[in-house]
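Chemist: The structure under discussion is supplied below as structure tokens; questions concerning it will follow.
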Amino acid sequence: MDRAFLKDRNLIKRLVIKVGSAVVTEKDGGIARQRLQVLCDKITELRAQEYEVILVTSGAVALGRQALRDRKSVHYSSSADLQKPVELNGKACAAVGQPDLMALFKTLFSEDVVQAQCLVTESDFRGKDFLRQLKETVEHLLSLKTIALFNENDAVSTRTDPYEDSSGIFWDNDSLAALLAKELKADLLILMSDVEGVYSGPPSDINSHLIYTYTDRHQGEITFGEKSRVGRGGMAAKVKAATDAASAGIPVVITSGFDGQNITKVLQGERVGTLFPRGENTGESLVDNAREMAVAAKDSSRRLQALTSEERKRILLDIADALEGNAHIIHVENEADVCEADQAGYEKSLISRLALNPGKISRLANNIRVLASMEDPIGRLSRKTQIADDGLILEKISCPLGVVLVIFESRPDALVQMASLAIRSGNGLLLKGGKEAKRSNTILHKIITDVIPERVGRKLIGLVTSRDDIPDLLKRDDNLINLVIPRGSNKLVSEIKNLTKIPVLGHAGGLCHVYIDRSAKMDMAKQIVLDAKVNYPAACNAMETLLIHKELVHTADFKDIILELSKNGVTLYGGPRASSLLNIPQADSLHMEYGSMACTVEVVDDVHGAIEHINKNGR
């Protein structure tokens, strides 16, 4: 693939560079000071060229171990004491070595280069305000032309397994570098290794060759050798981190940290190391990727349709189990989305729709099981007509549509629902969710597609990540997409209808009314009103307007309903009649769809007045 784009300073300005333990240390465990000096000189040059550099570095444990061993040789007087084996705790070594690592960089960088230390743990990323503060701090540091040095704070890390993090946030400095590249919107991630790049097999094998551009076809074809003498994950961890960052739109190069000129060569577009292109690891434009998603979804849907009803049912049951089995990871990613949305000042109704609590995940899983048990929708005969005397019969039989594009806002549970329906009905699917649910949608998509059998293909369900892709997809007339379903506001539905000639399955707004007639059973009416408003106010079928018969306005039963709504935190607004009769603020409009703990109350003469009001002000 052409790497000319790496030379374009309009495209590549912010770099995340990761150097691991194998690059930072020598074979004897000591610090590779000369190698690090070359690296620091190169970063100083980049800074002078107006690049923004974030460095993720290992080395604290190695320095700490060296310092503690030196202390032992000084404080133990007898040779016998020196020969006694002492097991050095890795966390203790990290705590001792961290200030030494910063002191080392202080001496290696020139005097006019200021460095800033940022220690993080996996627990930090679960904090409500952490990401916002992290971004603010780093942006300010980079504006001051400071080099931001990141490292996992191993001294206080809560990780119990050295190679994995149960939260799924990050598990080594490679995945930390990928995470930072995504969160800090880097233009390029460079992972420095102790080999030239990714090989088709162990680098020591004479039959292995260097892969210059990594694509989807390499997945499952590479045989990894032993991991490096130090560090956690080796090349397998680097490839995993690189594919993660690349799929988020950040190009990655894995190259040797032993050659001090490799960073320069990468930024000059030279063919060194292994490039992971942005997008779906194909090197194509985002629009081409989206089209390829549609092609792959259509191909996979044909294979899905060839399965029996029981086989498709089995896939759904496996998805339900996978959702419940990964509830913790889903919760972590969803909580991060909710925190970001809250910090960004999104409306409470949107945040409510965004949240996936454990109970909702269980309900989603159970609903999938219910769907799996339903009658197969494919091949169902709905009409049979004889159209000629010679026995010619016309039959109407249900069949899959093909590929469905679903565009939805803020509801990650919609992804699960649509994916399940698509699998049961034999359809391919393209999904585009709102940016506020990016983490939630990504983890849900991964969990679901990981369950889909290889004979069908995981690309049955594609997750479109760029908003810019949607207009181009909607304008296509090549029959790749057979139906568009917008799930969201009236504005979204109208916009989609105006952009495409593909059939659109739209919907009306959720301006729902409840009318209490004078003949109503008031105890039942009270339960219905409270459930319709309070149970899930963000839902599109929640009550937005309460209509009351004029003869009930001053009754104790109606006053009790109003009181209970207020006690439950519902803010009441009145129509022209109710605002004066009930002494409540007048609503800005009788067309209000609140999606929150607010409600309009209006007084009508009778059931005919209620119907007229709904016809005039409903949707």
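The values are calculated or read from the model by the stated rules, or taken from the named source; none is laboratory data. Values in this document were obtained by computation on a predicted structure and should not be read as measured data. Glycine also receives a Cβ, built like all others from the backbone with ideal geometry; neighbour counts cover every protein chain displayed. Just so you know, the surface numbers come from the protein's heavy atoms only, side chains and all, with ligands and any DNA or RNA stripped out. Shrake-Rupley method; radii C 1.70, N 1.55, O 1.52, S 1.80 Å.
Chemist: Can you check what the net charge comes to around Glu270, using other residues whose Cβ is under 10 Å from the Cβ of Glu270 (Lys, Arg +1; Asp, Glu -1)?
Modeler: +4
Chemist: Further, regarding this structure: Roughly how much of Ile378 is accessible, in Å² to the nearest 10, using a 1.4 Å probe?
Modeler: 50 Å²
Chemist: Which residues' amide hydrogens lie under 5 Å from the amide hydrogen of Met543, considering only partners 5 or more residues apart or on another chain, with H built in the peptide plane?
Modeler: Lys533
Chemist: With a 1.4 Å probe and every protein chain left in place, tell me how much accessible area Arg126 has, in Å² to the nearest 10.
Modeler: Using a 1.4 Å probe on the heavy atoms, I get roughly 90 Å².
Chemist: Using modelled amide H (1.01 Å from N, peptide plane; none on Pro or chain starts), what sits under 5 Å from the amide H of Ile516, excluding residues fewer than 5 places away?
Modeler: Long-range HN contacts for Ile516: Leu547, Ile548, His549.
Chemist: In addition: When ranked by the protection proxy of mean other Cβ atoms within 10 Å per residue, highest first, what sequence do the peptides 205-213, 309-317, 479-487 form?
Modeler: Highest to lowest by the protection proxy: 479-487, 309-317, 205-213.
Chemist: Can you send over the carbon and sulfur percentage of the accessible area for the chain, probe radius 1.4 Å, protein chains only?
Modeler: On the chain, the fraction of accessible area on carbon and sulfur atoms equals 50 percent.
Chemist: Further question on the same structure: Under the Karplus relation 6.51 cos²θ - 1.76 cosθ + 1.60, θ = phi - 60°, what is the ordered set of whole-Hz ³J(HN,Hα) values for segment 26-41, x standing for Gly and Pro?
Modeler: Once rounded to whole Hz, the list reads 8, 5, 7, x, x, 6, 7, 4, 5, 5, 5, 4, 4, 4, 5, 5.
Chemist: Rank these by accessible area, largest first, 1.4 Å probe: Ser382, Ser566.
Modeler: Ser382, Ser566
Chemist: May I pose another question? Rounded to whole Hz and in sequence order, give me ³J(HN,Hα) for segment 238-249 from the Karplus expression 6.51 cos²θ - 1.76 cosθ + 1.60, θ = phi - 60°, writing x for Gly and Pro.
Modeler: 5, 5, 4, 5, 5, 5, 5, 5, 5, 5, 8, x
Chemist: If you rank Arg577, Arg458 by how much accessible surface each has, with a 1.4 Å probe, what is the order from largest down?
Modeler: Arg458, Arg577
Chemist: Taking the Cβ of Leu189 as the centre, find all other residues whose Cβ is under 11 Å away and add up their charges (Lys, Arg: +1; Asp, Glu: -1).
Modeler: +2
Chemist: Under 21 Å between alpha carbons, and skipping anything fewer than 8 positions from Lys42 in its own chain: which lysines qualify?
Modeler: Candidates past the 8-residue exclusion: Lys7, Lys13, Lys18, Lys106, Lys145, Lys265.
Chemist: I would also like to ask the following. In whole Hz, what ³J(HN,Hα) sequence does segment 355-365 give by Karplus (6.51, -1.76, 1.60; θ = phi - 60°), x for Gly and Pro?
Modeler: Using θ = phi - 60°, the values come out as 5, 10, 7, x, x, 5, 5, 5, 5, 4, 4 Hz.
Chemist: Let me ask another. May I ask you to give the solvent-accessible area per residue for the chain, in square angstrom, as obtained with a 1.4 angstrom probe?
Modeler: On a per-residue basis, the chain sits at 49 Å².
Chemist: Now, a different point. Mind ordering 49-56, 131-138 by average Cβ neighbours within 10 Å, highest first?
Modeler: The packing order, highest mean first, is 49-56, 131-138.
Chemist: Protein chains only, probe 1.4 Å: how do His328, His513, His554 rank by accessible area, largest first?
Modeler: His554, His328, His513
Chemist: Here is a follow-up. What residues qualify as long-range amide H neighbours of Ile31, i.e. H under 5 Å apart, gap of 5 or more or another chain, H built at 1.01 Å from N?
Modeler: Glu26
Chemist: Near Ile502, within a Cβ-to-Cβ distance under 12 Å, what is the net charge of the other residues, with Lys and Arg +1 and Asp and Glu -1?
Modeler: +2
Chemist: To the nearest 10 square angstrom, how much accessible area does Thr442 have with a 1.4 angstrom probe?
Modeler: Accessible area, nearest 10 Å²: 70 Å².
Chemist: Let me ask you something else. Using the alpha-carbon atoms, what tilt in degrees (0 to 90, nearest 10) does helix 607-617 show relative to the longest principal axis of the chain?
Modeler: Compared with the principal axis, the helix lies near 40 degrees.
Chemist: Mind pulling the per residue volume of the convex hull built on the Cα atoms of segment 418-491? Å³ is fine.
Modeler: 114 Å³
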